[in-house]
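Participant: Sharing a structure here in structure tokens format.
The values are calculated or read from the model by the stated rules, or taken from the named source; none is laboratory data. Please read all numbers here as calculations on a predicted model, not as lab measurements. A quick note on method: Cβ atoms are made from the backbone with ideal geometry, for glycine too, and the neighbour counts reach across all protein chains shown. We work out accessible area using only protein heavy atoms, side chains counted, and drop any ligands, DNA or RNA first. Shrake-Rupley method; radii C 1.70, N 1.55, O 1.52, S 1.80 Å.
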Amino acid sequence: MKLPPFGYEAPKTTSEAVELLAEYLDQASVLAGGKSLVPLLALRLARPAVLIDINGIRELSGVSVTDGQAVIGAMTREYAAEESHAVADTVPLLAAALPLIGHEAIRSRGTIGGSLAHADPAAELPAVARALDAEFVVRGQSGERVIPAAEWFEGYLTTSRRPDELLVQVRFPTAQPGTGVSFQEVARRQGDFAIVGLAVSLSLSDGAISDARLAFAGMSDVPVRATEAEDLLAGERPSAELFDEAARRATEGIDPPADLHGSSEYRKKVGAATVRRGLRAAADNAQERQ
Amino acid sequence: MDITLRVNGTTRTGSPEARKTLADFLRDDLNLTGTHVGCEHGVCGACTVVLDGRPVRSCLILAVQAAGSEVTTIEGLAPDGVLGTLQQAMWDSHSFQCGFCTPGFVMQATTFLRAHPDADEQQIRAALSGNICRCTGYQSIIDGVLLAAERARLG
């Protein structure tokens with residue numbers, strides 16, 4: 001359908017945007033890449049009175065690497081992050097996930113901050129952020145807050161951002177040497193939302209796993225860490241038996257949603273398979289990167 | 001809102017409502033009806049145009065957001081009525097049937113081949129995965145893009 005009428009504001013600076021948010025609060029929606037918000041408008045699932053378009057705010061775009069963190073501006077487009085050498089070198093898990101987001105024409109406009117603020121639990125970036133314990137920097141009129149990924153995702157399409165706050169940047173920890181990554185995704189068609197997605201980061205030290213991080217997409221109303229599997233893996237040497245057991249533990253305690261793409265039981269089986277594949281791929285990748 | 005943008009190499013102006021998409025602005029205000037509107041929520045790819053060198057869904061961009069940008073639509077590919085390499089290869093391969101999805105596929109494939117002239121079939125299939133065709137079963141479309149890539153390589 002055609003979009004419903006709305007007021008339109010296009011601030012040029014972050015402080016102008018924050019002022020507008022303070023004025024309109026939950027009557028406003030922030031328009032970044034528009035890959036989720038515009039369909040929601042067209043389908044009448046969202047009816048904001050005002051759109052605050054942040055595409056004109058240059059200071060919100062870009063990638064910089066400092067002090068063990070890759071700092072990504074909220075308006076950085078997905079294609080730009082995908083083509084960024086800094087992202088590929090310092091946050092390989094993010095680089096692995098980016099090409100799986102939608103299609104090329106979607107990534108032309110879609111943004112890192114937009115996807116994470118929309119917080120679709122079946123999307124790739126929330127799983128990456130949760131796996132790596134990314135930090136979310138939001139700005140309101142009273143200043144900035146830094147929110148850890150574990151507290152950012154509160155529910156389906158719901159984050160801990162307050163209506164008067166703008167997500168301005170996301171900080172990802174840079175990967176240590178010996179860290180291997182993999183993003184596994186099962187979807188009906190390339191570019192579709194994941195039926196099940198899995199972000200894996202595995203660090204090896206002297207042949208043993210020193211750090212294991214697994215986060216599922218599509219298995220709950222938020223991206224979820226497989227903590228029992230992570231605890232099992234820590235300190236062990238990679239093996240097929242170990243990865244089988246990790247797959248069992250990662251999926252035994254969860255109750256994934258059912259929809260026309262797959263039953264809950266199917267998602268659990270696919271989830272276990274992605275854990276086995278993802279751990280194997282991440283372990284191989286870690287050896288290459290040592 | 002008054003806007004000025006470049007469309008197919010020509011400066012154009014307009015005063016669209018904020019809620020008007022770039023697709024509707026191109027069709028209704030500029031009379032460039034080659035850009036087709038299918039699903040109107042970013043799923044089918046029929047409305048794909050090139051915005052500042054990148055393929056985009058023109059139904060997911062507001063016309064006011066395209067102010068100051070360079071837009072290329074299907075009309076911009078053969079301004080003198082002479083088909084380009086890709087269009088001719090698709091013609092020769094009988095790539096399309098009803099034609100509704102055609103402009104979206106052609107715009108997507110044009111930008112993809114420009115960036116990846118040596119793409120293989122698998123890469124082409126991935127690049128076109130966001131465009132839906134309900135007639136052909138896709139094989140003839142892929143054949144057309146492969147033929148275009150081959151002809152471009154042979155010069």
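Participant: Give B:L83, B:L77 a once-over and let me know the one that is under 26 Å from B:G137 (Cα atoms), away from chain A (no Cβ under 14 Å) and under 14 Å from the mean Cα position of the chain (by Cα).
Facilitator: B:L77
Participant: If you don't mind, there's one more thing I want to ask. Whether any residue in segment A:145-162 is among the charged types (D, E, K, R), closer than 26 Å to B:G53 by Cβ and surrounded by fewer than 17 Cβ atoms within 10 Å (Cβ to Cβ) is what I want to check.
Facilitator: Scanning segment A:145-162 turns up no residue that is among the charged types (D, E, K, R), closer than 26 Å to B:G53 by Cβ and surrounded by fewer than 17 Cβ atoms within 10 Å (Cβ to Cβ).
Participant: Sort out which residues of segment A:165-177 are open to solvent by 50 Å² or more (accessible area, probe 1.4 Å) and in a loop (DSSP other than H, G, I, E, B), and write them in order of number.
Facilitator: Correct list: A:Q176, A:P177.
Participant: Hey, another quick one. When the residues of segment A:192-203 are narrowed to those that are in a strand (DSSP E or B) and crowded, with 24+ Cβ neighbours inside 10 Å, which ends up farthest from the other protein chains (Cβ to nearest Cβ)?
Facilitator: The qualifying residue farthest from the other protein chains (Cβ to nearest Cβ) is A:L202.
Quick grid of which residues meet (1) open to solvent by less than 70 Å² (accessible area, probe 1.4 Å); (2) in contact with a Leu (Cβ under 7 Å, 6 or more places away or on another chain); (3) within 22 Å of A:P173 (Cα to Cα); (4) at pLDDT below 95:
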{"position": "A:S220", "(1), (2), (3), (4)": "yes, no, no, no"}
{"position": "A:A240", "(1), (2), (3), (4)": "yes, no, no, no"}
{"position": "A:R248", "(1), (2), (3), (4)": "no, no, no, no"}
{"position": "A:T251", "(1), (2), (3), (4)": "yes, no, no, no"}
{"position": "A:V270", "(1), (2), (3), (4)": "yes, no, no, no"}
{"position": "A:R289", "(1), (2), (3), (4)": "no, no, yes, yes"}
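Participant: Only one of A:I112, A:I147, A:I106 is in the same structural domain as A:E165 (by TED's automatic domain parsing) and under 26 Å from A:A282 (Cα atoms). Can you tell me which?
Facilitator: Going through A:I112, A:I147, A:I106 in turn, just one is in the same structural domain as A:E165 (by TED's automatic domain parsing) and under 26 Å from A:A282 (Cα atoms): A:I112.
Participant: Just need a number here: residues in segment B:134-151 that are of a type in the set (S, T, N, Q) and either outside any helix (DSSP H, G or I) or open to solvent by less than 30 Å² (accessible area, probe 1.4 Å) (or both).
Facilitator: Of the residues in segment B:134-151, 2 are of a type in the set (S, T, N, Q) and either outside any helix (DSSP H, G or I) or open to solvent by less than 30 Å² (accessible area, probe 1.4 Å) (or both).
Participant: Now, a different point. Any chance you could count how many residues in segment A:178-191 are open to solvent by less than 40 Å² (accessible area, probe 1.4 Å) and farther than 25 Å from A:T90 by Cα? Break it down stepwise before answering.
Facilitator: Pass one, segment A:178-191, residues open to solvent by less than 40 Å² (accessible area, probe 1.4 Å): A:178-184, A:186-187, A:191.
Subset that is farther than 25 Å from A:T90 by Cα: A:186-187.
Residues that pass the stated criteria total 2.
Participant: Condition first: within 14 Å of chain A (Cβ to nearest Cβ), within 14 Å of the chain's Cα centre (by Cα) and assigned to a helix (DSSP H, G or I). Can you find one or more residues in segment B:121-133 that meet it?
Facilitator: yes
Participant: Report, by residue number, each residue of segment A:103-142 that is assigned to a loop (DSSP other than H, G, I, E, B), within 14 Å of chain B (Cβ to nearest Cβ), open to solvent by less than 10 Å² (accessible area, probe 1.4 Å) and touching a residue at least 40 places away in the same chain (Cβ under 8 Å).
Facilitator: A:G110
Participant: Within 24 Å of A:T111 (Cα to Cα), of a type outside the set (A, V, I, L, M, F, W, C) and in contact (Cβ under 8 Å) with a residue 60 or more places away in the chain: is that true of B:S58 in this structure?
Facilitator: When the stated conditions are applied, B:S58 does not pass them.
Participant: On the basis of being of a type outside the set (A, V, I, L, M, F, W, C), in contact (Cβ under 8 Å) with a residue 24 or more places away in the chain and facing another protein chain (nearest Cβ under 10 Å), does B:R153 make the cut?
Facilitator: It is false that B:R153 is of a type outside the set (A, V, I, L, M, F, W, C), in contact (Cβ under 8 Å) with a residue 24 or more places away in the chain and facing another protein chain (nearest Cβ under 10 Å).
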